[in-house]
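A short reminder: the numbers here are calculations on the coordinates, not readings from a lab. Computed from a predicted model, the values in this text were never measured in an experiment. Neighbour counts are summed over all protein chains in view; Cβ atoms, including those assigned to glycine, are modelled from backbone coordinates with ideal geometry.
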C-alpha cells in the first residue's frame, strides 16, 4: 500500500485536489470561492496530465546536443493539452468573474442563495 | 468529388471567421454575415450528406501535417452530414424568426455580439459533430458553453445574469468531469484520436488490465456530458435559462446546444468505447434509470408552471430524459429512436418557443396562464404553430413526436427487463404531457368570457412588427415536423446507415 502511494504521489494529490475543487464549485455559496474551486479543479487535471506525461530520465522535447533519438525525449502532447486546458480555463474564469461583478453591482452580495432569494422577491412583484 | 472532403473543415472555419469579423461590425452587417454564413454552411453540409450517402463511404480529413496517431482529424459519415445539415437548418430558422426580438431585447450597441455568439455556437456545434479527436471535442465543448452563457445573459437584466451563472457553474462541473475522464482515457490508451484509441480499448478489454480505470472513464464521460445536456438530477438551471433568454436564444439553446453534447457522447460511445463493451459495464442502466426519472419528474414540474415558456423549458427536461432512456436501452433500435427523438425535439421545441414568444406579444408581453386566454384567435398563425407543436410533443399521429414514441416503444421490445419500465414511463409521461400541453392549447383557444369585448377577444388591433418573418419560419417548421412524421422511414434509413458506419 505504501509503495503504491509513494509511487503515485502526484496522481493521488491530483485526485484529492480535484475532489476539493469539485466540492467547492458545487456546494459553496460564495461566488468567488466557487471560482476558486473551479480553478483548483482545473489545475488538478493539469497536474494529473503533466505527472502522467513526464517520464523520469527523459528530456523536454526540444532538440538538445544533436540527439535525434525519440526515446531520449518525453512526449510533447500532454504538455500541449495542459497549455490548451489553461487557455480554456483562463477564459472561463474571466467570464465567470465578469458575471460575478455584474451580480455584485446589482445585488450587493456574493452569496448565491441570497441573490436567488432577492430574485424571487423581484419575480413576485409585477 | 474529392473536393467535398474539405467541406466539413470549411464550414467550421467559416463559422468561426464570420464570428471574428462580426465582432468589428455593427448589428445590421453582423446579421447579414451571420445569415449568409448559415446559408453557406447549410449548403456545404448538404453536400457532405449527399456525397456520403451517394458513395456510401465515410472519410477522415487530416488537419495540419501530422498523420493519424499524432495529428488532428475530422471525420464525416452519413450521420455527421445529416446532423450538421439538420442543426444548421434549425439554427437558420431560429435566428430568422427571432430577428425582430433580438434587435429589441439586446442593447443597440451590442447586437453584433449576439450574432458573434451565434457564429461561435454554430462553429462549435459543427466541430463537436465532425471531430475525430477527443481533446478537440473538449475544447469545442468549452467554446459552446461560453457562447451559450453569453446568449443567456445578452438580455442585460438580473434574471439573465443569475441564470447564466447557474448554468455556467453546472456546466463547469460537467466539463471538469469530462476533462478528467478524457485525461484518464488518454492515460490508459495513450491515444486521443478516436480510431487508435478504439484499438487500444479493445486491447485493454482483451487483456483485462485497467478495467477499473476504464469503467471510471466511461462513468465520468457519461455523467459529465449528461450534466451538460441537462439530465434529470442536474436540470435545475434549465427552466431559468430557457425561460428568460430572448426567444431566438431559447429556441437555439433547447433544440441544439444540449443535443450537441448528446451527439458527442454517442460518438464517443460508438467510436472510442465500443457499444458492446459499454453494454457490459452497466453504465447504460444508470443512464436508463435517470432517463426514466427525468421523463416523469420533468413532466410533473411542467404541470406546476404558470408561465408558458417555463412550462416548455421543463418539458425539455422530460424530452432529454426520453433521449437518455433510448440510449440506456442498449440496443441499436434504442439508439436510432434516440437519434430520431433528437431531431423531433429540435424541430418541435424551436417551434414552441418561437410561437409562444409571438403569443406573448399579442398580449403585450404578459406571461402568465390567465392572460394568454383566447390569444390563439388574435395571433392565428402563432396559435396554430403552438397547436401543432403541442400535438407533436404529445404524440399525435402524422407528427414527428408520434413516430419517435412508437420507435421507443418498439425498441423496448428487444430488452426483456427494461421493456415494462419503458412502456410504463412512456404511458405516464405521455399522459402528463397531454395534461399540460393540451391545457395550454385549450386555454389559448378559449371562448370570450362574459363582459369581455368579443371583437377584442378575436382580433388584435395592432399587429406586432415581428410577425412578418415569423410566418415563413412557422410554416417551414410545421413542414419539417410533418416531414419527420410522414417520411420517417427515409430518415431512419439514413440514421441506421450512419450508425453502421461508426
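Averaged over the residues of B:128-138, the number of partner chain Cβ atoms lying within 10 Å of the residue Cβ comes to 1. The angle between the Cα long axis of helix A:31-53 and the main principal axis of chain A comes to about 10°, on a 0 to 90 degree scale. Label 7 Å along Cα→Cβ of residue B:279; the stretch B:403-433 residues with amide nitrogen under 20 Å? From the stretch B:403-433, the list is B:407-423. Each residue, residue B:70 and residue B:419, gets one label point 7 Å from its Cα in the Cβ direction; the gap between the two is 5.4 nm.
From largest to smallest, what semi-axes in whole angstrom does the protein assembly as shown give when each is the square root of 5 times an eigenvalue of its alpha carbon gyration tensor? Gyration-tensor ellipsoid for the protein assembly as shown: 41, 27, 25 Å. Once you divide the Cα radius of gyration of the stretch B:308-422 by 2.2 N^0.38 Å, the number left is 1.22. Take the Cα of residue A:106, step 7 Å toward its Cβ, do the same at residue A:11, and the gap between the two points is 4.5 nm.
Can you give the relative contact order of the stretch B:282-502 as a percent, counting alpha carbon pairs under 8 Å and 6+ residues apart?
On the way: 318 pairs, mean separation 55.0, N = 221.
25 percent.
Arrange the following residues from fewest to most other Cβ atoms within 10 Å of their Cβ: B:65, B:159.
Values: B:65 7, B:159 18.
Going from sparsest to densest Cβ surroundings: B:65, B:159.
Using alpha carbons only, the radius of gyration of chain B set against its Kirkwood radius gives Rg/Rh = 0.96.
Using the Cβ-Cβ distance between residue B:62 and residue B:370 with R0 = 60 Å, the FRET efficiency computed as 1/(1 + (r/R0)^6) comes to roughly 0.50.
Over chain B, dividing the summed -39,500 (n - 2.57) contributions of all DSSP H runs of at least 4 residues by the number of residues returns a 222 nm mean residue ellipticity of -25500 deg cm²/dmol. Between the Cα long axis of helix B:488-501 and the first principal axis of chain B there is an angle of about 30°, rounded to the nearest 10. A Cα-only calculation for the stretch A:2-124 places Rg and Dmax at 20.6, 73 Å.
Can you tell me the relative contact order of chain B? Whole percent, Cα pairs under 8 Å, sequence separation 6 or more. Let's see the in-between values first.
Values: 829 pairs, mean separation 73.0, N = 502.
Rounded, it is 15 percent for chain B.
Seen from a random direction on average, the alpha-carbon convex hull of the stretch A:73-126 projects onto 5.3 square nanometres. Estimated from the Cβ-Cβ distance and a Förster radius of 22 angstrom, the FRET efficiency linking residue B:410 and residue B:483 is about 0.60.
Per residue of peptide B:181-190, the mean number of Cβ atoms on other chains within 10 Å of the residue Cβ is 4.
For chain A, what does the helix formula give at 222 nm: sum of -39500 (n - 2.57) over DSSP H segments with n ≥ 4, over the residue count, nearest 500 deg cm²/dmol? Please list the in-between numbers first.
Values: 5 runs with 93 residues, N = 126.
Counting only the DSSP helices, I get -25000 deg cm²/dmol.
What's the long-distance tail for the stretch B:179-281, i.e. % of Cα pairs beyond 19 Å? Here the long-distance tail beyond 19 Å is 48 percent of all Cα pairs in the stretch B:179-281.
Over the stretch B:27-185, the Kirkwood radius and the radius of gyration, each from Cα atoms, give a ratio Rg/Rh of 1.02. For the Cα trace of the stretch B:119-225, dividing Rg by the Kirkwood Rh returns an Rg/Rh value of 1.09.
Counting Cα-Cα pairs of the stretch B:262-309 in 10 Å increments starting at 0 gives whole-percent bin shares of 22, 35, 23, 16, 4. Pairwise Cα distances in the stretch B:282-502 exceed 28 Å in 32 percent of cases. Counting only DSSP beta bridges whose two residues both lie in the protein assembly as shown, roughly 90 percent are antiparallel. Report the label-to-label distance for residue A:97 and residue A:70 in nanometres (one decimal), using points 7 Å from each Cα along the Cα→Cβ vector. Taking the two extended label points, one gets 4.0 nm. Between residue B:286 and residue B:209, the contour length at 0.36 nm per residue exceeds the alpha carbon distance by 25.3 nm. Taking the centroid of alpha carbons for each part, the stretch B:106-130 and the stretch B:257-285 are 27 Å apart.
If R0 is 45 Å, what FRET efficiency do you get for residue B:104 and residue B:431 from their C-beta distance, rounded to 0.05? Using R0 = 45 Å, I get an efficiency of 0.70.
The alpha carbon centroids of the stretch A:16-67 and the stretch B:376-436 are separated by 45 Å.
Sorting B:377, B:186 by the number of Cβ atoms found within 10 Å of their own Cβ, with the fewest placed first, yields B:377, B:186. For chain B, the longest principal axis of the Cα atoms and the long axis of helix B:332-362 meet at an angle of about 30 degrees.
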